[in-house]
1. Using the crude model of +1 on Lys and Arg Cβ and -1 on Asp and Glu Cβ, and no other charge, please compute the dipole size for the chain relative to its Cα centre, in debye to 20.
2. Could you compute the FRET efficiency for Val60 and Val80, with r as their C-beta to C-beta distance and R0 at 25 Å, rounded to 0.05?
3. Could you check the spin-label model distance between Lys152 and Val108? Points 7 Å from the Cα along Cα→Cβ, value in nm.
4. Contour minus end-to-end for Met135 and Thr257, with contour as 0.36 nm per residue of separation and end-to-end as the Cα-Cα distance?
5. Beyond a 23 Å Cα-Cα separation, which of these cross-linked pairs lie in this structure: Lys119/Lys177; Lys118/Lys192; Lys57/Lys84; Lys139/Lys160; Lys118/Lys139; Lys84/Lys160?
6. Beta carbons within 10 angstrom, averaged per residue: use that to sort the peptides 135-147, 72-84, highest first.
7. How would you order 40-48, 182-190, 260-268 from highest to lowest mean count of nearby Cβ atoms within 10 Å?
8. What FRET efficiency comes out for the pair Met39/Gln120, r = Cβ-Cβ distance, R0 = 41 Å, nearest 0.05?
Amino acid sequence: MSHEHTIKLKADNVPSKKHKPFIERLNPYNIISMILLCMFSIVFVFPFYWIITGAFKIQVVATQLPPQWFPLEPVLDNWVTLFKNSVGRWTFNSFFVAVSEMVLICLVSSTAGFVLAKKQFPGRRVIFSVLVAAMALPKQVILVPLFTLLAKLGWINTYKGLIFPAIGWPFGVFLMKQFSQTIPSEILEAAKIDGCSELRSFITIALPLLKPAIGALAIFTFMTSWNDYFSQLIITRSTNMMTLPLGIATMQGEYRTDYGVMMAGAALASLPMLTIFILFQKAFTQGITLGAVK
């Protein structure tokens, strides 16, 4: 028997850590980690559970103390009351605005980030510094000049007013610029020597390498746009232009609030975000992981 074969047999007989029984892999560190993970999971999942169960409770049960942790007599009255309003129109507005912003921001951010990372031109560092500084500004600071500009353009209470101000998102450009720096310049130079144009190099070489970052940015953008209550409140005027969070907020009365209906609306508003994250969580986690490593 050869020496290599003997070493291989010994290696095969060595028990792998991955194949060890679960009991043997338990140690104080793993036990504490699992306990903490379960505790934090319960803390983060409980509000969503409370919203879902509250959507099937009548007003008296939803506000009683001590609370009823699970609806013993579930009802659908809250959902019937909810859909008597313009929920379909509000949901369409939210999807249209969120998807439009997601597509446009990913397109603009990927191209701008690639140019800032791979092209040399005067003022490149100044532009990037301004973008980083803009990330520190709260949205409320630019709200007055933004509203004035939209009013002069006639974009108040329009889809254009809801979508276009968000396209130049500094965080998106920053994220794509950091990822674009990891693209080997030798590949782009080789494509240029072979006669590939700048646009074709970006589409055929850069974009496939930026897919994880684009996936993460798409999820960030969709969730941010879907939850952008403040800007949408300022820009919209009519009921037909309201998004789902705005429409649900208008159902709150001045002297009385039906918490069951509000929870039904909150559950409806949270389902698209949860669905988007579940469907694209692989791209999201891959993009975040690559960004941490790089």
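1. 580
2. That pair, Val60 with Val80, gives E of 0.90.
3. Placing both labels 7 Å beyond Cα along the Cβ direction yields 1.8 nm.
4. Net length gain for the segment: 40.2 nm.
5. Details: Lys119/Lys177 11 Å; Lys118/Lys192 13 Å; Lys57/Lys84 18 Å; Lys139/Lys160 18 Å; Lys118/Lys139 30 Å; Lys84/Lys160 28 Å.
Where the Cα-Cα span goes over 23 Å, the pairs concerned are Lys118/Lys139; Lys84/Lys160.
6. 72-84, 135-147
7. Going by the mean number of other Cβ atoms within 10 Å, highest first, we get 260-268, 182-190, 40-48.
8. 0.20
Values quoted throughout were computed directly from the atomic coordinates according to the rules given, and no laboratory measurement underlies them. Not measured: the values here are computed from a predicted model. Every residue, glycine among them, receives a Cβ derived from its backbone with ideal geometry; neighbour counts consider all protein chains shown.
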